[in-house]
Amino acid sequence: MKVLLVKPGIALGDHIQPPLGIAYLASRLRDKHEVRVLDFGKMDRRDDLFAGALREFNPEVVGFQCYSPEIGEVKRLSALVRDRLPGAVIVAGGPHPTLCPEETFRKLSPEAAYLLRGETEESFPLFLDLLGGKGSPEAVPGLVWAENGGVRVNDMRPIADINALPQPSWDLINPQEYPPAQHGAFFDKFPIAPIITTRGCPFACGFCTAPILSGRHMRKRSADTVMAEIELLYHKFGIREIHIVDDNFTLDKAHAVSILKRIIASGLPISLAFPNGVRLGTLDDELLDLMKQAGVYLISVGIESGSDRTLKRMDKQLSVALIREKVALIKSKGIDLAAFFILGFPDETVAEMRETIKLSLELPLLRANFFTFLPLPMTPVTLKLIETGEIGHMDVDGLIFQKVPYAPRGVTREQLRNLQREAFLRFYFRPGVMLRNLAKIRSLTHFGYLAKRFYHWIIM
């Protein structure tokens, strides 16, 4: 079959980066099917180019990746597919179908006839077999479909051995062609490619969907497999910077050490960064020394709050004292830091938010991102907010940080948005921080993407 896999993105999205999950899926499909990947963000979100790609390839199956705020765009593009290709089968997968299958199915019907929940490297080939007349719907893990006027939802089945997965189909997404609009906004070398070395998260941060989406059991790739991918990216695609986007790269110290030592032994002149963040409590002298030797120039960390009360309520297993200790340790190794903060956690006071802003200014950070709290579907915190009646039906299209979909009791959304703006301005408009970041702008094109982010986060 001819299969088109689509990354839709959203108009306010600031990240245009290679769709790693889609590339993994493509590798499992292309031995029996003709597969192409389409990144709508790289097309400048132009419907005419999207329609032209449909006409040229004429796929029999169109699969959409779908994060929660993308569901409206997936619906719209699915209608475009249905208009141009009436006989094509449309299926959606990704975080939102995984978290909210019935709701997503109702939203995307009738254009999309199926959803696939969870990791799809094993289920999608079975789904295509089903379309070809082999097997039954009940045998496809994570499949969602209509039956007898209702919606059937199969249980998910995580990939047991991710090390056995084939390398991502990098040739279908061409990471070297992506613009300087990556996850981390700034970079040391270019071009950039993201990789993962683990899946799963054993922690229970109440606001996070990671353990729901990828499971609580952490699964690992071997150092040999990871190094083979890095060498492929370097030699075949000209990649000069690797972004390790694991949720928990440093949780298993032996795993992290084995990969870092292999990178050091390879002698490849690459840069490394962790834009998705690493867990502060897992870092020690040995790990940080190896990171520095391997080419790590920046580590992102999830600090989240400057209030011990809020950190405890988030189930972060962090304290302000530990944050200060670990940040100082990282800085002593000559590695720059970026940090994530959350403003407006349920029941958080304005005074506690100001504690967070104050902490961000006191720590030796190069960059900071101040997110407003998002009540992501099915997380413990969101379920409690629904149970207590503090929130009702959520407009998931609005689950982006610039729209401030939620504010705690006693704080208006406008107040929270203004606090977010204040945090950004106070942090970045300090002369030393501003000059250090301005010095890292690589081109006019890079400056353009940064200006777009500034508009979305500060002005809009």
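The values are calculated or read from the model by the stated rules, or taken from the named source; none is laboratory data. Fair warning: this is a prediction, and the values are worked out from it, not measured in the lab. Cβ coordinates were reconstructed from backbone atoms using ideal geometry, including for glycine residues, and neighbour counts include every protein chain displayed.
One residue is enough: does segment 157-165 have a residue meeting the conditions of a type in the set (D, E, K, R), under 30 Å from Ala113 (Cα atoms) and surrounded by fewer than 16 Cβ atoms within 10 Å (Cβ to Cβ)?
Yes, segment 157-165 has at least one match.
From the set of residues in segment 107-140 that are surrounded by fewer than 21 Cβ atoms within 10 Å (Cβ to Cβ) and under 25 Å from the mean Cα position of the chain (by Cα), which is farthest from Gly215 (Cα to Cα)?
Lys107
His217 - would you say it is in contact with a strand residue (DSSP E or B) (Cβ under 6 Å, 6 or more places away or on another chain) and of a type outside the set (A, V, I, L, M)?
So His217 fails the test.
Tell me which residues, restricted to segment 305-359, are of a type in the set (D, E, K, R) and at positive phi.
Result: Asp315, Asp347.
Anything in segment 396-415 that is of a type outside the set (Lys, Arg) and within 20 Å of the chain's Cα centre (by Cα)? List them, or say none.
Val396, Asp397, Gly398, Leu399, Ile400, Phe401, Gln402, Val404, Pro405
Of everything in segment 406-460, what is modelled with pLDDT under 90 and touching a Lys or Arg at 6+ places or on another chain (Cβ under 6 Å)? Give them in sequence order.
Ile458
Restricting attention to segment 312-336, which residues are surrounded by 15 or more Cβ atoms within 10 Å (Cβ to Cβ) and part of a loop (DSSP other than H, G, I, E, B)?
Met314, Asp315, Lys316, Leu318, Lys333, Ile335
I'd like to verify a number: residues in segment 56-99 that are more than 22 Å from Ala210 (Cα to Cα) and free of Cβ contacts under 8 Å to residues at least 40 places away in the same chain, how many?
16
Kindly establish whether Ile239 is buried (at least 21 other Cβ atoms within 10 Å of the Cβ), out of contact with any His (no Cβ under 8 Å at 6 or more places or on another chain) and assigned by TED's automatic domain parsing to the domain that holds Pro194.
yes
Residue-by-condition table, conditions (1) crowded, with 21+ Cβ neighbours inside 10 Å; (2) under 18 Å from Ser307 (Cα atoms); (3) assigned by TED's automatic domain parsing to the domain that holds Arg106; (4) touching a strand residue (DSSP E or B) at 6+ places or on another chain (Cβ under 7 Å):
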| residue | (1), (2), (3), (4) |
| --- | --- |
| Glu348 | yes, yes, no, no |
| Phe373 | yes, yes, no, yes |
| Tyr406 | yes, no, no, no |
| Tyr428 | no, no, no, no |
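Could you tell me which residue of segment 386-404 is nearest to Pro346 (Cα to Cα), considering only residues that are of a type in the set (Gly, Ala, Ser) and exposed (fewer than 15 other Cβ atoms within 10 Å of the Cβ)?
Per the stated criteria, the residue is Gly389.
Considering every residue within segment 184-201, establish whether at least one is in a helix (DSSP H, G or I), closer than 20 Å to Gln65 by Cβ, in contact (Cβ under 8 Å) with a residue 12 or more places away in the chain and in the same structural domain as Glu348 (by TED's automatic domain parsing).
Checking segment 184-201: not a single residue is in a helix (DSSP H, G or I), closer than 20 Å to Gln65 by Cβ, in contact (Cβ under 8 Å) with a residue 12 or more places away in the chain and in the same structural domain as Glu348 (by TED's automatic domain parsing).
So Ala339 ticks every box in (1) in a helix (DSSP H, G or I); (2) buried (at least 22 other Cβ atoms within 10 Å of the Cβ) but one. Which box is left unticked?
Here Ala339 meets the rest and fails (1).
What number of residues in segment 389-431 are over 18 Å from Glu103 (Cβ atoms), among the acidic types (Asp, Glu) and touching a residue at least 40 places away in the same chain (Cβ under 8 Å)?
Residues in segment 389-431 being over 18 Å from Glu103 (Cβ atoms), among the acidic types (Asp, Glu) and touching a residue at least 40 places away in the same chain (Cβ under 8 Å): 2 in total.
Which of (1) in the same structural domain as Val278 (by TED's automatic domain parsing); (2) touching a residue at least 60 places away in the same chain (Cβ under 8 Å); (3) under 18 Å from His243 (Cβ atoms); (4) not β-branched (Val, Ile, Thr) does Gln167 not meet, given it meets every other one?
With (1) in the same structural domain as Val278 (by TED's automatic domain parsing); (2) touching a residue at least 60 places away in the same chain (Cβ under 8 Å); (3) under 18 Å from His243 (Cβ atoms); (4) not β-branched (Val, Ile, Thr) applied to Gln167, the lone miss is (1).
Among Leu287, Leu268, Leu233, which is over 26 Å from Leu365 (Cβ atoms) and without any contact (Cβ under 8 Å) to a residue 40 or more places away in the chain?
The match here is Leu268.
Taking Phe274 and the conditions (1) out of contact with any Ser or Thr (no Cβ under 8 Å at 6 or more places or on another chain); (2) of a type in the set (A, V, I, L, M, F, W, C); (3) in contact (Cβ under 8 Å) with a residue 12 or more places away in the chain, which numbered condition does it fall short on, given that it satisfies the others?
That leaves (1) as the condition not met.
Just the residues that are more than 20 Å from Asn248 (Cβ to Cβ) and surrounded by fewer than 19 Cβ atoms within 10 Å (Cβ to Cβ), please, taken from segment 179-204.
Pro179, Lys189, Phe190
Out of contact with any Asp or Glu (no Cβ under 6 Å at 6 or more places or on another chain), part of a loop (DSSP other than H, G, I, E, B) and at negative phi: which single residue out of Leu376, Leu383 fits that description?
Among Leu376, Leu383, only Leu376 is out of contact with any Asp or Glu (no Cβ under 6 Å at 6 or more places or on another chain), part of a loop (DSSP other than H, G, I, E, B) and at negative phi.
If I filter segment 286-311 down to residues being part of a helix (DSSP H, G or I) and touching a Leu at 6+ places or on another chain (Cβ under 7 Å), which single residue comes out as nearest to Ala351 (Cα to Cα)?
Selected residue: Leu311.
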